[in-house]
Every structure is written in C-alpha cells, then in structure tokens.
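The values are calculated or read from the model by the stated rules, or taken from the named source; none is laboratory data. Remember, it's a predicted structure, so these values are computed and weren't measured experimentally. Cβ placement follows ideal geometry from the backbone for every residue including glycine, while neighbour counts extend to all protein chains displayed.
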Amino acid sequence: MTMSQGSLYIVSAPSGAGKSSLISALLKENSAQDMKVSISHTTRAARPGEENGTHYHFVSVETFKNLMKENAFLEHAEVFTNYYGTSRLWIDEMISKGIDVFLDIDWQGAIQIRKNMPEAKSIFILPPSREELARRLDARGQDSKDVIEKRMAQACGEISHYNEYDYLIVNDNFDVALSDIKAIVRAERIKQDKQACKYNDMLDRLVAQ
C-alpha cells in the first residue's frame, strides 16, 4: 500500500456563518490525525491567550518581507498595516505526508491559492439568511452595533463570490453542515487517482494475468 497525497481545502465564509466552528469540530472528531488546519504567519502582536505556533506564527516585519522575497507564501496580504501569509513549504510537507489541510481564508486569499495550487478544493459556507447571520453576530456579544452593521455590509460582497467555489454548504443545522464537509472529504479521498496510489500493489495483483 502506497501513501496517497493529502488535499488542500480552502474554506471561506462571511463572519458569523460558522466556518471556524465547523473546521474545529471536524478536526476534533479526527482521531487519525490526518487532518490539520493551516497556521498563518503574521506580523501583528499576539493577543491575550494566543500562542506562537498554535494560533499564528508571529514574526517580525523584516522576517515576513524576507519570506515574501523567497516566495515562501502561497498567499499573503496586508490587513490594517499587518501582514498575513500562508506557508507554501508547510502545506507541501503536510500534503506529501497524506494529511488533508484546511485553510480558513477569505475569497481574495482563495484566488491567490487557486492560482498557485489549482488542485486545491474550495468550500464556501453560507448562512441560511441575512436575519440569521445578524442574529449570530449579535449573539456572540463581542462586537458593537456599528461593527455588526459593517460585518453585515461586508457579508453581501463576500457571499457574491460563492460561484468561484467547488462546494457550497448552507449552515442552517450545524450537524448537517458538518456531515456535508465530512462527505466532501470522504469523496475526495476515494477518487480514482488517490485510491490507485493507495492500493497500487493490490490493484497490480487483481489485474495480473
């Protein structure tokens, strides 16, 4: 049996759609440790409770710019004077080990990823309605009314890019949405090329004359 390569999954959604919760639940249920979430590099300071290497790889601006020159990122962006980037080397290493990697990223970053790794699979998470999205944002109790209004305004623009993705999941019922993501991963893992790689020796014996 030969190890087949893992897959890179781009996961995008407007804030409040449940993207991070779904990814966390999927990885929590994964006892085989053959799934990981990508950890971005950033130049911003760590917030209380954040750990280097767990939430982000915290680096200096100079280090980040040197990595950019070395083409070390699959995608990178500057957000409010801070830089964020996705390590090309780490993702290549994980995928080569047969590990599926989930990348929590917006539609703009997704464009860069697809350009550099066209084989990546992309999933867009949708809320069931604008009203429910607003309710979830308010229920968090983290943002002011003004911030929630801005997030709702941004959501329309983000959702308009849904047609650039391979899969659409409506997170109306969390368990159903989680089941949908599992189904996508399962289907990708049993595609002919991956199964042929995994069961190469068995297939040779089966077709031997």
Can you name every residue in region 90-120 that is part of a loop (DSSP other than H, G, I, E, B) and not charged (D, E, K, R)? 98, 99, 105, 117, 118, 120
Looking at 175, 166, 180, which one is acidic (Asp, Glu) and farther than 30 Å from residue 87 by Cβ? 175
Residue that is modelled with the highest pLDDT [pool: residues in region 49-73 that are among the charged types (D, E, K, R) and surrounded by 11 or more Cβ atoms within 10 Å (Cβ to Cβ)]: 65
Residue list for region 115-131, restricted to those being surrounded by fewer than 18 Cβ atoms within 10 Å (Cβ to Cβ), touching a residue at least 24 places away in the same chain (Cβ under 8 Å) and more than 17 Å from residue 105 (Cβ to Cβ): 128, 130
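Inspect region 2-22 for any residue being among the hydrophobic types (A, V, I, L, M, F, W, C), in a loop (DSSP other than H, G, I, E, B) and crowded, with 21+ Cβ neighbours inside 10 Å and give the result as yes or no.
yes
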Can you name the residue in region 157-179 that is in contact (Cβ under 8 Å) with a residue 12 or more places away in the chain and part of a helix (DSSP H, G or I) and is also farthest from residue 110 (Cα to Cα) among such residues? 174
Whether any residue in region 40-48 is touching a residue at least 12 places away in the same chain (Cβ under 8 Å) and under 23 Å from residue 165 (Cα atoms) is what I want to check. yes
